[in-house]
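A.B. asks: To start, I am sharing the structure in question, which I have written as structure tokens.
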Amino acid sequence: MTINFDYRCGILEAADTKTGREWCWYKGDPEVTRTENGELLSSIGVPIVATVVEVKTLIRMDTKK
């Protein structure tokens, strides 16, 4: 599974083109939203002080569930 990440202007977006899942996180937000084919599925809790690298790790862990 390959996750494509894009981080610009404090917004991290990630996508898995094989499953249609996407994740979005705004720096400082307490959650990452997860969608599949444009439908909101759930969110993942994120510590307020999380770095982009830490959030990427959380997203990668979420793909294994």
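Here, each number is a calculation from the coordinates, and none is a lab measurement. Worth saying up front: this structure is predicted, and the values here are computed from it rather than measured. Cβ coordinates were reconstructed from backbone atoms using ideal geometry, including for glycine residues, and neighbour counts include every protein chain displayed.
A.B. asks: Between helix 52-63 and the chain, what is the angle of the helix's C-alpha long axis to the longest principal axis, kept within 0 to 90° and rounded to the nearest 10?
C.D. replies: It is inclined by approximately 30 degrees.
A.B. asks: Also, I was wondering about something else. Pairs of alpha-carbon atoms within less than 8 angstrom and 6+ residues apart define the contacts here; what relative contact order does the stretch 4-65 have, in percent?
C.D. replies: Dividing the mean separation by the residue count of the stretch 4-65 yields 20 percent.
A.B. asks: Take peptides 14-21, 38-45 and line them up by average Cβ neighbours within 10 Å, highest first, as a rough protection proxy.
C.D. replies: 14-21, 38-45
A.B. asks: Next question, about the same structure. Given the Cα atoms of the chain, and with Rh set as the inverse mean 1/r over their pairs in the Kirkwood sense, what is Rg to Rh to two decimals?
C.D. replies: 0.92
A.B. asks: What are the lysines whose alpha-carbon lies under 21 Å from the alpha-carbon of Lys18, with same-chain residues fewer than 8 places away excluded?
C.D. replies: Cross-link targets: Lys56, Lys64, Lys65.
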